[in-house]
1. Treat each spin label as a single point 7 Å out from the Cα along the C-beta direction, and report the Val222 to Ser280 distance in nm.
2. On a full-extension model of 0.36 nm per residue, what is the gain between Gln266 and Gln56, subtracting their alpha-carbon distance, rounded to one decimal in nm?
3. Taking 25 °C and 0.890 mPa s as the conditions, I'd like the Stokes-Einstein D for region 102-278 in µm²/s, using the Kirkwood hydrodynamic radius from alpha carbon pairs.
4. Looking only at region 102-278, where both bridge partners belong to it, what percent of the DSSP beta bridges are antiparallel (to the nearest 5)?
5. Could you give the length gained by full extension between Arg172 and Arg143, i.e. 0.36 nm per residue of separation minus their alpha carbon distance, to one decimal place?
Amino acid sequence: MHGRRYPVTLVVRQRLNPGTQLGLVLSTRSDGPRARSSSERCTPYAPWSMGHDPDQLRYDEVARAETPRGEVVLRRRQAEGSPAVLELRVSGVFVMDTRETSTERALAQQALGLVPDPRTVLVGGLGLGFTVHELLADPRVERIDVVELEDALIGWMRDGTVPHGPGLLADRRIRVLHADLATVVEETVGATYDLVLMDVDNGPGHLVHEHNAALYEAGFLVAVRRVVQPGGVLVIWTADHAPALEDAVAGAFGGCRQVSLPVRLQEREEAYHLYVASRSMRD
Ligand SMILES: C[S@@+](CC[C@H](N)C(=O)[O-])C[C@H]1O[C@@H](n2cnc3c(N)ncnc32)[C@H](O)[C@@H]1O
């Protein structure tokens with residue numbers, strides 16, 4: 001996912017302790033998640049079956065919700081001798097986990113590095129909160145509107161089902177909106193945000209939700225430009241190269257830069273990508 005050869009693991013501590021902070025553990029293991037659209041290598045929902053094989057993983061379901069779009073599942077994955085990892089699946093598709101989060105964080109870092117005074121931020125996709133966590137670490141940021149489609153996930157972040165959730169969402173700079181990003185952008189009046197960060201899906205080539213296709217197309221991107229302050233930026237996360245997206249962003253903003261972030265996924269060097277555009281000061 002990111003510019004690191006060795007994934008940084010966020011260790012999920014006791015689920016029953018909602019306020020618990022995540023501990024940072026540097027790991028040199030190479031069995032992180034595959035690209036977001038890929039499945040993990042072990043049998044889903046397997047009971048304890050690790051035996052003495054270090055490659056065996058245990059899966060435990062932590063929470064599940066049925067939605068009109070399909071099921072949203074949070075589960076805990078653990079290899080023998082390794083810290084537990086939380087993973088999020090939507091409609092059977094791996095969305096993300098708490099082990100390899102460098103590109104989610106890089107999404108925020110890229111944007112923060114480009115704008116001198118990034119006070120207001122719109123984030124599409126709360127997920128497990130790593131992008132938001134990175135934003136909150138920057139004292140220049142005064143307000144973050146986070147838009148999340150799945151009400152259940154917001155609930156799990158709030159009630160401690162995701163242990164680091166309550167601490168994160170307690171920050172007064174955050175406002176969580178249960179909505180579709182498309183609706184929020186449509187209803188936003190004027191150039192409100194210094195940064196707009198989009199990580200709502202795996203990218204246009206591997207959509208979890210077909211209806212998200214429009215979020216990577218010209219019409220929506222022009223609407224996004226209108227809510228970005230002159231001098232502000234849009235950054236979009238994708239799992240694959242997305243030349244059509246690059247063209248569409250460039251058409252809307254007058255230019256677009258692709259940043260590829262190396263990430264080691266299941267013994268292979270891969271890359272995830274950010275598409276970065278600035279709104280001209282003269283716009
Ligand atoms: C990959 S996760 C985001 C990860 C996040 N960057 C992080 O650091 O944890 C994508 C999130 O976007 C949400 N989502 C999907 N489509 C959406 C939409 N149209 N509007 C708002 N949120 C959406 C999903 O439910 C999921 O929580």
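Laboratory data are not the source of any read-out in this text; all were calculated from the coordinates shown. Just so it is clear, the structure is predicted and the values come from calculations on it, not from any experiment. Every residue, glycine among them, receives a Cβ derived from its backbone with ideal geometry; neighbour counts consider all protein chains shown.
1. About 1.6 nm separates the two model spin labels.
2. 74.2 nm
3. The diffusion coefficient I find is 151 µm²/s.
4. Given both bridge residues lie in region 102-278, the antiparallel proportion sits at roughly 45 percent.
5. 9.6 nm
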